[in-house]
1. Consider Ile411 against the criteria (1) free of Cβ contacts under 8 Å to residues at least 40 places away in the same chain; (2) farther than 22 Å from Ser251 by Cα; (3) within 16 Å of the ligand (Cβ to nearest atom): it satisfies all of them except one. Which criterion is unmet?
2. Inspect region 228-241 for any residue being closer than 18 Å to Cys129 by Cα and not assigned by TED's automatic domain parsing to the domain that holds Gly385 and give the result as yes or no.
3. Which of the residues that make up region 311-335 are in contact (Cβ under 8 Å) with a residue 60 or more places away in the chain and not small (Gly, Ala, Ser)?
4. Return the only residue of Leu280, Leu297, Leu330, Leu321 being under 17 Å from the mean Cα position of the chain (by Cα), open to solvent by less than 50 Å² (accessible area, probe 1.4 Å) and not aromatic (Phe, Trp, Tyr).
5. Residues that are open to solvent by 10 Å² or more (accessible area, probe 1.4 Å) and within 16 Å of the ligand (Cβ to nearest atom): list the strands (runs of 3 or more DSSP E) wholly contained in region 176-273 that include at least 2 such residues.
6. What are the residues in region 118-138 that are open to solvent by 10 Å² or more (accessible area, probe 1.4 Å) and either within 15 Å of the ligand (Cβ to nearest atom) or closer than 11 Å to Arg281 by Cα (or both), if any?
7. Only one of (1) open to solvent by less than 10 Å² (accessible area, probe 1.4 Å); (2) at negative phi is not met by Ser48, so which one is it?
Amino acid sequence: MPDATDAVETPTPRRKPKAPVTTIGGRTMKPSTLMMGYGYDPMLSEGSLKAPIFLTSTFAFESAAAGKRHFEGITGQRPGGAEGLVYSRFNGPNQEILEDRLAIWDGAEDALSFSSGMTAICILMLAYCSAGDVIVHSGPLYAASEGFVAKVLSRFGVTYVDFPAGATRAELDAVMEKAKAQAASSGGKVAMIYLESPGNPTNALVDVEAVRDARNAALDPAVTPIAIDNTFLGPLWQRPIDNGADIICYSLTKYVGGHSDLVAGSVSGAKRWMDPVRALRNTMGGIADPNTAWMLLRSLETVELRMERAGRNAEKVCAFLKQHPKVEGLGYLGMVDDPRQQDIYHRHCTGAGSTFSVFITGGEAECFRFLDSLKVAKLAVSLGGTETLASHPASMTHLSVPPARKAVLGITDNLVRISVGIEDPDDLIADFEQALAAV
Ligand SMILES: *Cc1c(COP(=O)(O)O)cnc(C)c1O
């Protein structure tokens with residue numbers, strides 16, 4: 001019996017072309033080109049070159065049958081999400097254009113936008129974990145992510161096994177066996193392998209390829225996805241899907257937003273991995289709002305320019321800091337000594353980023369004098385913006401970390417965290433030079 005919805009051949013017109021253009025003269029266009037137009041047709045919006053911001057809570061259906069068909073997508077009866085716009089907790093034109101463009105950078109089939117990086121991460125984990133399950137994760141994680149696993153998911157019967165970021169294949173094999181045994185004893189499964197690379201503020205890289213091989217050897221890859229927080233190097237300097245990750249998440253607040261003027265997050269990956277995440281986002285809310293999505297479309301047009309410039313600036317600034325007598329050491333991916341970390345870097349990364357640690361001769365007092373003397377760089381946490389920021393992790397972002405754990409992570413009192421922006425590099429060097437002179 002044909003269903004009324006089968007007669008609906010044309011989905012509700014959306015602000016995107018039916019057949020998006022991704023090639024020119026036989027070549028596939030690069031993300032930096034696609035960011036100017038992919039997924040949006042001005043002729044569907046009065047010729048407006050930039051997508052309008054669609055401020056509406058709900059969308060009109062062209063027919064009752066179309067409405068039914070769209071709800072089949074929303075409720076998951078048809079996988080892959082709704083074909084039409086329905087209600088602004090589920091989807092919207094600005095968010096959809098953003099999601100299409102985010103997926104391009106990661107080489108992912110699909111992407112979902114969220115109101116913050118933490119909303120993305122929490123909904124991702126909740127979508128995959130049930131009571132009795134185990135999450136395997138690298139350490140250190142962003143403090144709120146680590147807290148969500150240890151303090152929130154634990155209340156719902158989900159436990160974890162963690163391992164240090166630089167772990168080898170043999171160590172990872174042991175971690176997988178431990179997690180399997182833990183899951184068997186609590187009547188659950190290993191629900192997810194969750195990574196963050198590089199770690200903050202250690203900059204230790206996770207060997208994603210070794211994690212994939214260890215997962216494939218010990219667990220069913222169709223059941224246990226590998227997710228990775230790519231906030232520090234993505235989307236430009238690291239494409240973890242190419243190294244075996246299934247799901248990528250971001251705090252778009254950082255490099256992708258890039259102007260320190262918004263908070264947002266995303267999750268991307270194959271459609272089959274995104275469907276449960278979308279379903280939970282539909283239920284809970286947490287989608288990015290239309291204005292923030294629009295701001296991110298603006299940001300994506302320059303993300304490559306900004307990240308390239310910030311990366312080159314960081315290289316120059318680090319070359320200066322490295323030889324300074326008041327600098328004891330640098331935690332910068334472009335100057336790693338450890339051969340294993342170097343090997344991971346060359347297999348996984350195309351750039352060293354612009355966020356690094358400086359170890360200043362002295363302790364908290366010397367770091368505070370340095371920070372209080374900066375005139376160009378601003379004293380603030382966060383990273384990835386156009387402006388250079390500096391902070392003191394031991395007394396700020398990592399203040400609540402117990403001393404023993406701080407020692408393990410190398411978060412010493414003489415560590416200053418710097419995120420280099422896109423200013424003139426010689427001005428930045430002059431600023432760091434005068435601030436070090438004040439120490
Ligand atoms: C900032 C950050 C987050 C959290 O993102 P919000 O947008 O602040 O919610 C998660 N992971 C990493 C690595 C971050 O730097």
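The values are calculated or read from the model by the stated rules, or taken from the named source; none is laboratory data. This is a predicted model, so every value here is computed, not measured. Glycine also receives a Cβ, built like all others from the backbone with ideal geometry; neighbour counts cover every protein chain displayed. In case anyone asks, the SASA skips ligands and DNA or RNA and just uses the protein heavy atoms, side chains included. Shrake-Rupley method; radii C 1.70, N 1.55, O 1.52, S 1.80 Å.
1. Status for Ile411: all satisfied but (1).
2. As a first pass, look at region 228-241 and keep what is closer than 18 Å to Cys129 by Cα: 228-229.
So of that shortlist, the ones also not assigned by TED's automatic domain parsing to the domain that holds Gly385 come out as 228-229.
Scanning region 228-241 turns up at least one residue that is closer than 18 Å to Cys129 by Cα and not assigned by TED's automatic domain parsing to the domain that holds Gly385.
3. Arg312, Asn313, Lys316, Val317, Phe320, Leu321, His324, Lys326, Val327, Glu328, Tyr332, Leu333 - these are the residues of region 311-335 that are in contact (Cβ under 8 Å) with a residue 60 or more places away in the chain and not small (Gly, Ala, Ser).
4. Numbers: Leu280 fails: under 17 Å from the mean Cα position of the chain (by Cα); Leu330 fails: under 17 Å from the mean Cα position of the chain (by Cα); Leu321 fails: under 17 Å from the mean Cα position of the chain (by Cα).
Of the residues listed, the single one that is under 17 Å from the mean Cα position of the chain (by Cα), open to solvent by less than 50 Å² (accessible area, probe 1.4 Å) and not aromatic (Phe, Trp, Tyr) is Leu297.
5. none
6. Those that are open to solvent by 10 Å² or more (accessible area, probe 1.4 Å) and either within 15 Å of the ligand (Cβ to nearest atom) or closer than 11 Å to Arg281 by Cα (or both): Met118, Thr119, Cys122, Leu126, Ala127.
7. (1)
Table: residues versus (1) among the acidic types (Asp, Glu); (2) outside the structural domain of Thr253 (by TED's automatic domain parsing); (3) out of contact with any His (no Cβ under 9 Å at 6 or more places or on another chain).
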residue	(1), (2), (3)
Asp337	yes, yes, yes
Asp343	yes, yes, yes
His348	no, yes, yes
Ser354	no, yes, yes
Ser357	no, yes, yes
Gly363	no, yes, yes
Cys367	no, yes, no
Lys375	no, yes, yes
Thr386	no, yes, no
